[in-house]
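*Asks:* This structure is in structure tokens; I'll ask about it shortly.
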Amino acid sequence: MPNIGRKKQRIAGRIPAKRSLGQNFLVDDSIVDRIVNSFCPTASDIVVEIGPGHGALTEKLVGRVEKLYTLEFDSSLAPLLRRRFSDRDDLVVIEDDALTFDFGLLATPGRRLRVIANLPYNISTAILQRLFDSSEILEDCVLMFQREVAERITAAPGIKDRGYLTIMTELHFDVEHLFDVPPSAFRPAPKIWSSVVRIVPKPAELKNKEAFRKLLSAGFAQKRKTIANNLKALFADVTGLLIQARIDPTRRAETLTLEEWLRLNDVVHK
Ligand code: SAM
């Protein structure tokens, strides 16, 4: 074969990473092992991997779980994965968008799904918010986020990163920060560090979730304002309501615990 043909073949085999799809592929095998060991796959698991890419995590999961569904949006990567694992009937490559895919289709009665992902950065919080709505069918998830997002979702009361996303995450999940990952673990290397987080669904308690979302959005509208000032737009007697909920009206939204938000929600929607 002439040289030029071989070169073309090599380039085609390598498929350049697509920034628009948040493609930063894991190339550090020790980090891949650490993520998979934290996930702790078992033979009875039904697992969904979001964004398998070239299969760094996939290849360490397949054969160790009962069923592995991989959900890849990139139409040039999905066929490669399908070909690579064509001899496996315990792996299904689904070519679809994690932002719209119905995870419920993969759950069977009495069997919850486990999710693992090195998430595409550009849509990682949108995917997390989709998981809120699927929490009843989830067993647990081990997810890699950009470190700044992991800090937001694990921010304790009083930390300035604590916001709407933190409270909504706490409402649905117990969250555990596992470890940080340097840019050098990926190709192409991102500019920022990443963090691996475990989230485990909590039993659903809240019925008026939409009203709670509105309360949080208003409460966090302007972070430098007090909670009373932010909520003035929603309620006439905001000071009275906050006192009834045993919350000092001069506090800022980021200092409230989830329990305090839930108490306030009960008072305002009584
Ligand atoms: N898991 C691989 C790894 O660790 O090397 C790839 C991770 S890469 C950060 C994110 C992957 O998610 C890419 O394969 C990308 O094509 C895929 N992806 C991007 N947007 C997606 C979407 N909306 N739905 C499903 N997969 C998506």
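*Asks:* Starting from the Cα of K225, draw a straight line to each of the aspartates and glutamates and keep only those under 13 Å, dropping any in the same chain fewer than 8 residues away.
*Replies:* The qualifying aspartates and glutamates are E254.
*Asks:* Sticking with this structure for a sec: Please report W193, W261 as a ranked list, fewest other C-beta atoms within 10 angstrom at the top and most at the bottom.
*Replies:* By the 10 Å Cβ count, ascending, the order reads W193, W261.
*Asks:* What does the highest-first list of 118-125, 24-31 look like by mean Cβ count within 10 Å?
*Replies:* So the order, starting with the most tightly packed, is 118-125, 24-31.
*Asks:* Let me know the Kirkwood hydrodynamic radius for the chain, please, with Cα pairs as the basis and the value in Å to one decimal.
*Replies:* About 20.4 Å for the chain.
*Asks:* Run the helix sum for the chain: -39,500 (n - 2.57) per DSSP H stretch of 4+ residues, divided by residue count, reported at 222 nm to the nearest 500 deg cm²/dmol.
*Replies:* So the calculated ellipticity at 222 nm is -9500 deg cm²/dmol.
*Asks:* Another question, if that's okay. Can you bin segment 105-203 into rounded, prolate or oblate? Criterion: square roots of the alpha carbon gyration tensor eigenvalues sorted a ≥ b ≥ c, rounded for a/c under 1.5, prolate for a/b above b/c, oblate for the rest.
*Replies:* Taking the square roots of the gyration eigenvalues as a ≥ b ≥ c, segment 105-203 is oblate.
*Asks:* Dipole magnitude of the chain about its Cα centre, charges +1 at Lys/Arg Cβ and -1 at Asp/Glu Cβ only, in debye to the nearest 20?
*Replies:* It works out to roughly 1020 debye.
*Asks:* Treat the count of other C-beta atoms within 10 Å as a stand-in for reagent exposure and order H172, H269 from fewest to most.
*Replies:* If I rank by nearby Cβ atoms, fewest first, I get H269, H172.
*Asks:* In what sequence, highest mean first, do 236-249, 127-140 appear when ranked by Cβ atoms within 10 angstrom?
*Replies:* 127-140, 236-249
*Asks:* While we're on this one: With Cβ to Cβ distances under 13 Å as the rule, what net charge do the other residues near L61 carry (K, R +1; D, E -1)?
*Replies:* Summing Lys and Arg as +1 and Asp and Glu as -1 gives -1.
*Asks:* If you add up the charges near E260, with Lys and Arg at +1 and Asp and Glu at -1, over every other residue whose beta carbon is less than 14 angstrom from its beta carbon, what do you get?
*Replies:* 0
*Asks:* List the GluC sites (Glu not before Pro) within segment 12-74 that fall in a DSSP loop (any state other than H, G, I, E or B) and whose Cβ has at most 15 other Cβ atoms within 10 Å.
*Replies:* Here the GluC sites (Glu not before Pro) that fit, given the DSSP loop and packing criteria, are E66.
*Asks:* List Y69, Y164 from most exposed to least, where exposure is judged by having the fewest other Cβ atoms within 10 Å.
*Replies:* Y164, Y69
Quick note: the coordinates plus some simple rules give every number you see, no bench work behind them. Source: prediction; values computed, not measured. As a convention, Cβ positions derive from the backbone with ideal geometry for all residues, glycine included, and neighbour counts pool all protein chains shown.
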